[in-house]
Structures are given as structure tokens and as C-alpha cells.
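Novice: Take a look at this one; I'll ask things after.
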């Protein structure tokens, strides 16, 4: 009889009551639906139906998503509260305020955010809202949720720089080198021929050996960045980019990422060009070694933008030490190759934009102009680039309005591409007026980076 009763309910009702928050509301006696007959049906279905049996496909898909990027998405229309897409479970929580996310406190990262909130790079990083203490007494950073203004976004995380480890990490590992079986196993999983004959016999590799090898198998060492993970709008995701190394492989991954969202391409290019120009003017960038940091690319059907994220390994340079972020790294010079990665990202996106424009019988310029405004938004192109920046919109608009797309291209043209072979060369600095405009924006609207979220 119970089986017949279950089969009599609609799939929508069965799926609905399986959602945890609906079941909790029913237990608390809240009036989920206003019609008594439906409430009775839901209660009966909740009593006799197991979530596993009638779990909706949307939940099943989301449960299997590879969790890799440090932000949350609130999907109100789909009736599930939020989905964690973080790489380290337990490091992130939903924020106490709408549009925020909590990240487990790292003192180095907090120091970076405090400085960045007063730097010209502020429009290009998540807004820092202070510390929050959780119920269990743990400290978290409260940050802007960069995905909150997007609907079913596509997300890509690219780690930028020619290395992802600090020099002090390498030095410490070299002090007392010991064979690591776990790192040997990671190595042979990717490439069984990577270990030497001696390492195969010992079934272990040292940490310095593994750290250097890990950068050489991806595009980190050759292009100055690597893809960490991609999540598509349909919920599918992948982190299988450990050996994605060649320029063509990277371009193909980017093509699949923006497939069906060609409006995103010119906006990514403009945003990256603006980021590059602002980096050249940034006091923070000139005084820090930026290692292990990522660029977060996000787009949906109407918006697209890029932000700098992850500063746990970003540290201040030693006194009297200067770097240009594009020279070849050698142990002791603290070069991170960040601009090598930015330049190659811009070049590859520009090449791909031209190829896709030809495929759709459009010129790159017309493709950019046709995508500059969405049919449902009456905003400037610069505002669209920063539309998900929340309270940071105003600063972002000032900078990007100063850097018109045409002018950005001019600035970009003065900065040659830097491959690792050309890493020793230097590019022209951005125009004085551009830096002055960014500085003026910073001085016009000072930000108290010490604001605490209560």
C-alpha cells in the first residue's frame, strides 16, 4: 500500500520534499505551501520516501562536482541554498551576510587584503570585510562572493606565475632532504617515466625535486600560468589539467570554456589589459612577490569578469630587493613571472577571439562591439566588466572608463609578449596619465581596510 501511495505522487513533489531544507521546515511545522491538501501529500511523501531513491538529478550532479574554487553560488531559483566549490573542504563557509563568503584565516593573506583595500588594485580583488569568529571559535576572513551576481556561471581558475612555491619553501626542503613515498606515487600517477632509475629503486623522491618537476609538466614553467580547474554552467567540472602544457592545448581549453558565450571573450581581454596596466602602477605589486595567486574568470549569458584571488603565499620583498615580475627566475632573485603569465593570457585570448570571429564571419573588432552591451543591461562596457564587483563597482568604473578599450589596446601594444625565452627583456611602462588616473581613483575614495564584519 505504501508503495502504491508513493507511486501516486508526482515526481516534482517527491523531489521537492527530499530537499533537506524542506524536510527541516516540515519538521518545524512551517507552512511550506498554503494549500492543505498539498501539505498532507508532502508530509506523507516525506514519511515514506527516502532521499536516495528520489534524489533529483540536479542534486546528484552538484554532489559530484569537483570542489575547487573558493567561492559559493546562491541558486535561489533551483531551491538549494548554496554550493561549495572549494578545493580544501573546511576552509570555506557561507558568509553571515548575503553576497559574502568566509575563508579560514591566513595571517599573510589578511595582511595582503588590508593593503590591497587601499591600493589601485582594489577593484580587481574580492572586497575584504574584516574578520569573523565562528561558533567554534575559529577565525575567518569575510570576503565578497564574486559569484553572487551571476546566474549559472562558468568559472575558471588560472594560477599565475612561473612557480607556485616560495623560495623559503624550497630552501627549507633542501635543508633536510628526505625521500617522500607519497610524492613519488603522485609523480608516477602522472608520468611513470618521470622518476630516475635511483628514485624508482628507492620508491621515493625529495620534496625539492617534486616541487620543481611539478611546474615543468604543466604550462606554468613555459607560459607563466596554468589552468587549475573549470566549471561549466551545466554543473560539470574538471581539474584534469596537470599535463596541459602546450599553447594549443591551453587555447583549446579556453575555447571549450567560452563555447556558447562569445560575448565573454572581448570582456576578458579588456579586463586583463586593464589589470596589466594597473599592476604596473600598483605599489602593492611593486613590493610583493606574488606566488600561488590565481585569476578567477567568471561569465554567464550577460556578464563576464576577472579577479585576482588567493594571496596566502604572497609576501613582501626583502628590503632593497626589486623585481619586474617578468625576468627569468633564479633562486634568490624572487622573480615570480606574474607578468609573463598575464601577457600570455592576453595573447592567447586575443588569438582565440580572432579565430572565433572568423568562424562566425565577424571581425574581432565587430565581435567585441557587438558583445559590449547585453540585450537586458543598459550599462557601459566598463560597468559590465565590473558588474559583479558589488560595492566596488564605482572604483572599477572610474579605472575602466579611463582605460577605454581602444586605449587599452594601445597600451598593450607597447608591451611585447614575454615568453620564457624573452623573459629578460623589458616592456615599456604604461603611460603616466594612466597611472595618475588610477592613483587619483585611490586617493579620491580611500578605503578603511580594517573594517570588521560584526
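Every number here is computed from the coordinates shown, using simple stated rules; none is lab data. The shown structure was predicted, so the numbers you read here are calculated from the model rather than taken from an experiment. Because the Cβ atoms are built from the backbone with ideal geometry, glycine has one as well, and the counts that use them run over all protein chains shown.
Novice: Taking the convex hull of the alpha carbon atoms in segment 171-213, what volume per residue do you get, in Å³?
Specialist: Cα convex hull per residue, to the nearest whole number: 61 Å³.
Novice: What ranking of 350, 236 emerges when the number of other C-beta atoms within 10 Å of each C-beta is taken as an exposure proxy, fewest first?
Specialist: 236, 350
Novice: Follow-up question, since we're still on this one. Return 311, 284 ranked ascending by Cβ neighbour count within 10 Å, so the fewest neighbours appear first.
Specialist: Lowest to highest Cβ neighbour count: 284, 311.
Novice: Give the distance, in whole Å, between the Cα centre of segment 201-256 and the Cα centre of segment 325-343.
Specialist: Rounded to whole Å, the Cα centres lie 18 Å apart.
Novice: Working out 0.36 nm times the residue gap between residue 186 and residue 131, then minus their Cα-Cα distance, what length gain in nm do you get to one decimal?
Specialist: Separation in residues times 0.36 nm, less the Cα-Cα distance, equals 16.2 nm.
Novice: How would segment 207-300 be classified by its alpha-carbon gyration tensor: rounded, prolate or oblate, with rounded meaning a/c under 1.5 and the a/b versus b/c comparison settling the rest?
Specialist: Taking the square roots of the gyration eigenvalues as a ≥ b ≥ c, segment 207-300 is oblate.
Novice: Using a 7 Å offset from the Cα along the Cα-to-Cβ direction at both residue 256 and residue 354, what is the distance between the two label points in nm, to one decimal?
Specialist: 2.5
Novice: Continuing with the same structure: Please give the length that would be gained between residue 202 and residue 139 if that part of the chain were fully extended, namely 0.36 nm times their separation in residues minus their C-alpha to C-alpha distance (nm, one decimal).
Specialist: Using 0.36 nm per residue and subtracting the Cα-Cα distance, I get 18.5 nm.
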